[in-house]
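Structure first, then comments.
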Amino acid sequence: MTTNPIATLTNRLYVAERHVTKEMIDEYTFHIPFKDRAVIDEHGKPLEQMMEVQTYQYYPSETLEGENHYGFQRGNLPKLYRVFKDFDIVDKRADPELGFELEMSPEVALDKRWTSPTGQKHMIDLLMAIGSGGIQAPPAYGKTVLCIGLACALRLKTLILVHDRTLADQWLQRFRDHTNLEEMEDIYGEELLGTYKRGKFFPITVATYQSLHSTKKNRQICKDNRNYFGVTINDEGHHESAETFSFITTTFNPKHRFWVSATPKRKDGMHRAIFDMVGVLVGRGTDDRAVGTVQFIFTNKTVNKSKQWQYMLGSLVDSARRNKIIIELALKCAVEEKRKVLIITERVKHAKWLADMLAVRLEAHDMKAISLVGGQRDFEATFKRMEDDDLHILVATKVMDEGKDCKPLDTLIMATPNNNKAKTEQRVGRIQRLFTYPDGRTKQPLMVYDLLDDHPACWGSSKTRRAVYKEIGFKVLEAPRDKPKTTTTQGMPKMSSKQPPAQPEQQTLF
């Protein structure tokens, strides 16, 4: 009688080295192309090279039961069962019950985003049928509500992993808005939902990766409590290749790993390896999200011809002519058209400077503008001011790229260029939230203004953004081909923004 080899399924699938074949190793090895900025060709361009990414680890005998083992990532369950079909898999994943009857609010089912053929309820059914994986859905689809519905359906202890504190606060509020949690807390006389703090987990815990990874003590607490949760949900799952994120995700041993993202496909191809860790793309949610118009604006700015993107950006943000265009455009939108404006720039200094200039000009109209940059923690209060009509223009950096939920925004000004499809779609998503003011007013028709400068890289990146705008349904108005008359910059101060070249980004392996 033939006995199949045994593999143990916990936070990874552990297989004794003597049973591992080259074919198994190859299934969990990826070759990811990337451009090495440190190595350039004869034209000064970065050379494309291949990086090997392994979604397995080797564990010597002293760490696992006296025998050498391989630990393979277990997120992609269909692949795992296919590759190891000749093994008897001992399932030791944790599935602790929530301990109370978590239920969705009845109002959720009245929203067409819940009931449509590609809506939240259908996506929950898909995820539950497979047991792991993720959903791609556009901004304003209601991915948070989808995940809350998943927690209600499974009723297992749940860990929500996010990448900043503002998102954590939003998750906490959405759980209280859309479930019976507060009623359950009254019945049980204890907190059932909270953020991780000082080693304390709740039946439903929302935590930033950084808070769990920040100290050796916190990392050990995660290991000691690896079986505390039956479900982990990774918000914005496309970030999982970062070392901090992947370490935390793979430390826990839940029965189910899920993720959501508007843009899971990464430009560097790393999403293939991420799927091994947190599960494959299971479904794509769609909705009738609001669309609008994109107007490209030619700035008549001849940019520093440096091939270094960061030096080029420095030239843009330091341009008095260009900054005057941004300021006058934002004032026109806010003051004359009564719009709520978001300006996004790549530079912190630029964001603060623009906000200061706008604040001075808005004083005469009893209106306000502020900047939002990294390190600030009062996002929710800021967004509430926007809803209460106490704030009219936000000038932000990449902190507003993903997940931030400031519903009244209806106008986006792209103050600096970018060549990233995912980033462009996420930024447009900031103005696509549904919102009605207390007096019954609805948002203005959505508008995106995209500044276009005289530089080959700027023209090239604009084609990428133009394609994204059209793909998500926006009407694109092209910039005039002839340069406009020179814009006067009299009275405009100049912002010095000389910046050193960016250091090469480091790719982190699993």
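Just so it is clear, none of the values below were taken in a lab; they were calculated from the coordinates. None of the values given here were measured: they were computed from a predicted structure. Positions of Cβ are generated from backbone atoms using ideal geometry, with glycine treated the same way; all protein chains shown enter the neighbour counts.
Quick notes on this one:
- Simple Cβ-charge dipole of region 251-350, Lys/Arg +1 and Asp/Glu -1, about Cα centre, in debye nearest 20: 220
- Percent of beta bridges antiparallel (DSSP, region 106-284, rounded to nearest 5): 5
- Between amide H atoms placed 1.01 Å from N, distances below 5 Å from A7 occur with D88, I89, V90, all of them 5 or more places distant or on a separate chain.
- Between I413, H256, P138, the Cα set farthest toward the positive side of the dipole of the chain (charges on each charged residue's Cβ, about the Cα centre) is that of I413.
- A simple packing score, the average count of other Cβ atoms within 10 Å per residue, orders the peptides 450-456, 161-167 as 161-167, 450-456, with the highest score first.
- Among W353, W171, the order by Cβ neighbours within 10 angstrom, fewest to most, reads W353, W171.
- Against the chain, whose longest principal axis is taken from its Cα atoms, helix 165-178 shows a tilt of about 70°.
- Here the dipole of the chain is about 1780 debye; that uses its Cα centre as origin and unit charges on the Cβ of Lys and Arg (positive) and Asp and Glu (negative).
- Note on the chain: antiparallel DSSP beta bridges, both residues inside, total approximately 30 percent of the bridges counted.
- Pairs beyond 22 Å (Cα-Cα), from K267/K470; K301/K338; K265/K404: K301/K338
- Listed peptides 431-439, 260-268 appear in the order 260-268, 431-439 once ranked by packing, highest mean of other Cβ atoms within 10 Å at the front.
- Counting only Cα atoms, the size of region 106-284 along its three principal axes is 48, 46, 28 Å, in decreasing order.
- Y14, Y58 arranged by Cβ crowding within 10 Å, fewest neighbours leading: Y58, Y14
- Whole-Hz couplings from phi, Karplus 6.51/-1.76/1.60, listed for region 99-107; x for Gly and Pro: x, 7, 8, 7, 9, 6, 5, x, 5
- Equivalent ellipsoid semi-axes - Cα gyration tensor, the chain, angstrom: 43, 29, 20
- Estimated FRET transfer efficiency (K85, K384; beta-carbon r; R0 41 Å; 0.05): 0.15
- Net charge dipole, region 293-477: roughly 660 debye, given to the nearest 20, about the Cα centre with Cβ charges of +1 for Lys and Arg and -1 for Asp and Glu.
- Neighbour-count order for K470, K352, fewest beta carbons within 10 angstrom listed first: K470, K352
- Amide hydrogen neighbours beyond the local backbone of Y449, cut-off 5 Å, H modeled: Q295, L412, I413, M414
- Each stretch of four or more DSSP H residues adds -39500 (n - 2.57); spread over every residue of the chain, this sum gives -9000 deg cm²/dmol at 222 nm.
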